[in-house]
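What follows is one structure encoded as structure tokens, with my remarks underneath.
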């Protein structure tokens, strides 16, 4: 019997880091400031929410760095949860990732890209934002059926370009003569814990993506070294960039201008980043900035497509999903998984607006982020002798705080955003039913392959 084709470890340290940073920085930092200002009521509380979300994401990234160094295989969280809690929990993560989180992220990036392009391109002549988003999903799905090394190099170029562009915009906003530092320190009344939780949830969309790289761990060279460095270093870099950008927003613009920027409440208004750019680049530069930010969103979409398809691939390899999802094409890419997730992303793009999409994605994702952090605690006790190339600093306090805060965030989201919460919980329950009825027997052999 001939040997089955395997994934190629074609992603070096720079490609790995660019996937981490490029997948985190997408549309959220450009679009979420407006809706957060509407909820928070003042710059100080919005900035506080960004800080909390950033520290929470960094804590999560460090737990994933430890797990990624221990289990450098394709599938990421699916592998970690299966090791920590058993096949059912791993399957439920993969179920949510396949049906909600990955296609929802891809759709949100595509819709966000179309939103930015609308002021400078004849979007209406092309049928509107949704048809343009569908076209972008189709093109990048085709790109992700190609060689992973080429995709990694492309991701590196896009990530460098957008980091340079974003830092340049932040510096321009911080130095613009029309800006005022007093705007940054304006502190209104505390909006309440539920509202502050909603602020953090909105900011977490902008930080979401630090978990993606481990999904493609099976294609990273020297993963026990490169994976932890890329995850932790990438998360720290993004936290610093976001701090600069948001300080720049609130210094450059009056709070009222941020509140009325592009959002569900003001769908036809320019985005915050476009308003800010006008302050120091002038109106003609808005077109260039709009295209550049759209490229940023598209690079994040590309990273999500590349990494997300490796989860159903890993599940199918274990016999817990249709075997076609584990099929590798001539370029050693799981092409069927890539195509199916692209089709699901098109359905998401047709079904909801940007903020609804991102809230559903964040809730479904954070259900399992908390469980993954808990698995660090479980595996430290259960398997203390396993080699850990990276260990979470401040153990066990950091993962315990992360689990506690993530749980509070989820409870608050159930109360304040019942629709996306119901979607996430309902899909999880459906996944449990599918597992119990159809897959429980197959899961035993999957568990044996862990050792």
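Comparison of 343, 370, 360, 337 shows that the only residue that is modelled with pLDDT under 85, assigned to a helix (DSSP H, G or I) and either surrounded by fewer than 17 Cβ atoms within 10 Å (Cβ to Cβ) or touching a helix residue (DSSP H, G or I) at 6+ places or on another chain (Cβ under 7 Å) (or both) is 360. Kindly check whether there is at least one residue in region 52-68 that is within 17 Å of the chain's Cα centre (by Cα) and closer than 19 Å to residue 431 by Cα. Within region 52-68 (the criterion being within 17 Å of the chain's Cα centre (by Cα) and closer than 19 Å to residue 431 by Cα), the answer is no, since none of the residues qualifies. Restricting 316, 294, 287 to those that are at pLDDT below 90, out of contact with any strand residue (DSSP E or B) (no Cβ under 8 Å at 6 or more places or on another chain) and either closer than 27 Å to residue 340 by Cα or not in a helix (DSSP H, G or I) (or both) reduces the list to 294. Could you go through region 408-420 and let me know if any residue there is in contact with a helix residue (DSSP H, G or I) (Cβ under 8 Å, 6 or more places away or on another chain), touching a residue at least 12 places away in the same chain (Cβ under 8 Å), buried (at least 20 other Cβ atoms within 10 Å of the Cβ) and within 30 Å of residue 224 (Cα to Cα). Checked region 408-420: no residue is in contact with a helix residue (DSSP H, G or I) (Cβ under 8 Å, 6 or more places away or on another chain), touching a residue at least 12 places away in the same chain (Cβ under 8 Å), buried (at least 20 other Cβ atoms within 10 Å of the Cβ) and within 30 Å of residue 224 (Cα to Cα).
The values are calculated or read from the model by the stated rules, or taken from the named source; none is laboratory data. The shown structure was predicted, so the numbers you read here are calculated from the model rather than taken from an experiment. Glycine also receives a Cβ, built like all others from the backbone with ideal geometry; neighbour counts cover every protein chain displayed.
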